[in-house]
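The block underneath contains the structure these notes are about, expressed in structure tokens.
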């Protein structure tokens, strides 16, 4: 039986509320099907399944808030896949415990350590009892077995009480706090090194102009699509940067490029273009057009939020010249694309006015050294300047 | 099921010794006043006449000397039972017990076993004051190479020495003088008992009272009091203090999820500390309450009767403690 768990949709996610089951027991599930909507700090997220099988049993009620990793449902695998034990829609991001993501300078958490007997904790976990809502009757107010048993029988009685499930977009504050937690952790834990490189963008812009000439407005390519594709190819060449840090460098097989989307209300979300290396620039552009509005409406899918293996931040036209990123843990690198501006730039011994862009790389010095980073920027430059080969 | 007979703890010990002397010619008893006087506690009364001075040996007041002689006899192939009149005097024999009896198998590279049984009368409760009221079970249970047994019930009094004599290695047998006149019921055909396992003396579901020696009957009494209040306590008699039967402890905890460890010995660095530590190490996730202990108060034993009583866990104390733990 496959145990389908509450995925972690980012290093800053601790728990999620199961807003709605999209599938019911008996339904046949295919890879990529959306099984449920989960309400998080980042909005209502569609959760996908990654294995085939028949939905056997739902273990969490709609409206219930459960920690990341809680088993949500059991899926009976199709014949021949019985060996699969766990459904893990989460890859990199949940490798690090979330608890430490709260830096001390944030408003002090009122959460105190819950006193609970080891046996009671075990029973609570087996029965999905939220111990934070219980009052203990043991010594020093500790929760003991009897308290859990009482809660379990009560839970049985309260079955199916209607709950208002209207998705509430996350508040500006909650997004701010999520960003604050992830970035504070990164700054605290990751020794960053920074590299930068100035790239002549003449070819790239020329190619884009040509490519967009005969396209309708909706189909036009943005430089971002080229950046993402070029980064994906460069990572394919320098795989040590397409990785996570988990007490050691762990390379990832897929190349999923997260890109920073600013929200009008403030804050950012970082949706991901999955398997960017095997998509064409056009396909990437389509994906971007699909994702950005959904990201701004807080309607992203679980995989799009959780599976990035590398992140880029792009300032866009007319903005700052350079952007130095802070790595999104547990990834090991972030590339920054500054605004393109015309500068005096020498090419082949000839000084001229060229559109140039400064690209930066922030790397995790635990995972890689400057040489690797430098190789990456070299490869990235090569791909950016030869977009016809992308 | 064979017929039950009523018997005192003293009589049970005596019958066991007599059976041992009768069935194996290599067995002999040595100790202060075991012969002509009949034993300081009359356990070997009549033995001198029955078995003769070669097998019932009075020895001089020299614990180190005669315990060493017993160890030597064991090395020579005999089956000596050394009686140290009381545990209090065994301190004088500790060098022999710890440096010779417990180590010789190791020091000889496995060539010689020290098959000696050392009995010690011990326990508290007759106003013998600070120097004669010791509980040294924890001392001996600390030493690798020894087998340490505690005779907490009549059935074990009737059988433990017989099994102990079968052991190839040195056995320390703690007998409790305060229980000598206590009557108990045992099967008529009682004899050898298992000396590798702890034993559940009363089965229960709400809490495990883990104890040994004089604690066993006290815990059984407490369990009876608790039963009136609807609390179903299990009483686990450790019996074997070394090597400790961890399995039985964990089995009991897995059923009751709560434990109170009871002993007369001082609390610090005791048998109860060891039991508690092992539960924490291997049974942590079975626990619903912290393990608690009731032990002897850590003072030199007072002489006045009421203070002596107050210095030890009594059945009422045990019952009260359990009720407090279970908040009932």
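The values are calculated or read from the model by the stated rules, or taken from the named source; none is laboratory data. Nothing here was measured: the structure is a model prediction, and the numbers come from that model. Cβ sites come from the backbone with ideal geometry, for glycine too, and all protein chains shown count toward neighbours.
Strands (runs of 3 or more DSSP E) wholly in segment A:176-255 with at least 1 residues that are assigned by TED's automatic domain parsing to the domain that holds residue A:268, at negative phi and under 17 Å from the mean Cα position of the chain (by Cα) - which ones? Walk me through how you get there before you give the answer.
Working: elements: A:192-200, A:243-245, A:249-251.
In segment A:176-255, A:243-245, A:249-251 are the strands (runs of 3 or more DSSP E) which contain 1 or more residues that are assigned by TED's automatic domain parsing to the domain that holds residue A:268, at negative phi and under 17 Å from the mean Cα position of the chain (by Cα).
For segment B:288-313, what are the residues that are closer than 10 Å to residue B:263 by Cα and either in contact with a helix residue (DSSP H, G or I) (Cβ under 6 Å, 6 or more places away or on another chain) or within 14 Å of chain A (Cβ to nearest Cβ) (or both)?
B:293, B:294, B:295
For residue B:324, only one of the following conditions fails: (1) in a helix (DSSP H, G or I); (2) surrounded by fewer than 15 Cβ atoms within 10 Å (Cβ to Cβ); (3) more than 14 Å from every other protein chain (Cβ to nearest Cβ). What is its number?
Of everything listed in (1) in a helix (DSSP H, G or I); (2) surrounded by fewer than 15 Cβ atoms within 10 Å (Cβ to Cβ); (3) more than 14 Å from every other protein chain (Cβ to nearest Cβ), residue B:324 misses just condition (3).
Can you tell me how many residues in segment A:122-144 are at the interface with chain B (Cβ under 10 Å from one of its Cβ atoms), touching a helix residue (DSSP H, G or I) at 6+ places or on another chain (Cβ under 7 Å) and assigned to a helix (DSSP H, G or I)?
Number satisfying all stated conditions: 2.
Residue check: is residue A:156 over 23 Å from residue A:60 (Cα atoms) and without any contact (Cβ under 8 Å) to a residue 60 or more places away in the chain?
no
So which of B:231, B:279 is in contact (Cβ under 8 Å) with a residue 24 or more places away in the chain, surrounded by 22 or more Cβ atoms within 10 Å (Cβ to Cβ) and within 14 Å of another protein chain (Cβ to nearest Cβ)?
One residue alone meets the criteria, B:279.
Would you be able to tell me the number of residues in segment A:340-364 that are free of Cβ contacts under 8 Å to residues at least 40 places away in the same chain and either crowded, with 17+ Cβ neighbours inside 10 Å or not assigned by TED's automatic domain parsing to the domain that holds residue A:224 (or both)?
0
Got at least one residue in segment B:165-178 being modelled with pLDDT under 95 and buried (at least 16 other Cβ atoms within 10 Å of the Cβ)?
yes
I'm checking my understanding of the structure. Among residues of segment B:253-276 that are within 14 Å of chain A (Cβ to nearest Cβ) and in a helix (DSSP H, G or I), which one is nearest to residue A:147 (Cα to Cα)?
Selected residue: B:256.
Can you tell me which of (1) farther than 18 Å from residue A:228 by Cβ; (2) buried (at least 23 other Cβ atoms within 10 Å of the Cβ) is the one residue A:318 doesn't meet?
So residue A:318 meets the others, but not (2).
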